[in-house]
Amino acid sequence: MSYQPPAEYYPQQQRSRTPGLGAGITSIVSAVLSPVAAVVSIPLGVAAVASAMSRYNPGNDVWWFSALILALVAVVLAIVAVVSGLIAVFRAGRMNAGRITGIIGLAIMAVNVFGVTFMVLLVLGSGQGS
């Protein structure tokens, strides 16, 4: 009969528990992709206006639909970034990778929102000066 040491003899591996890490990574990815989708929708919107103004291309609504779909994708990505960032921050009990990635995703979204707000105020301000 062979000797079998007790289970306590074997070192137990510590599991690295980082709750909220997946949500934090999702927040970062969504926060980065949201302005990309918004910026891509702008030329499609311009093409939609040009297509509508052209007398040679009446009724071509594919540009409008494309611009609207990409704008909706940008909005959905922004919402996903904020919600998953909040989930990551609140799910992580202490300062760990989940909370840090959630905070980074929320910070990127804050920069996006302030950038859009600044651009809108800049456009409105330049129209009033003339």
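Readers should treat all values here as calculations from the given coordinates under stated rules, not as data from a laboratory. These numbers were taken from a predicted model, which means no experiment stands behind them. Cβ: placed from backbone, ideal geometry, glycine included. Neighbour counts: every protein chain shown.
Before moving on, here are some points about what is shown:
- Modelled spin-label separation between residue 46 and residue 119, with each label point placed 7 Å from Cα along the Cα-to-Cβ direction: 1.2 nm.
- If the chain linking residue 94 and residue 76 were pulled fully straight, counting 0.36 nm for each residue of separation and taking away their Cα-Cα distance, it would gain 3.6 nm.
- Compactness relative to 2.2 N^0.38 Å, alpha carbon Rg of the chain: 1.74
- Helix 21-53 and the longest principal axis of the C-alpha atoms of the chain enclose an angle of approximately 10°.
- The packing ranking of peptides 62-68, 85-91, highest mean first, is 85-91, 62-68, where packing means the average number of other beta carbon atoms within 10 angstrom of each residue.
- For the chain, the longest principal axis of the C-alpha atoms and the axis of helix 97-128 are separated by about 10°.
- GNM top mover of 24, 98, 45 - the chain, alpha-carbon springs below 10 Å: 45
- The chain: most fluctuating residue of 54, 34, 84 per GNM, C-alpha cutoff 10 Å: 54
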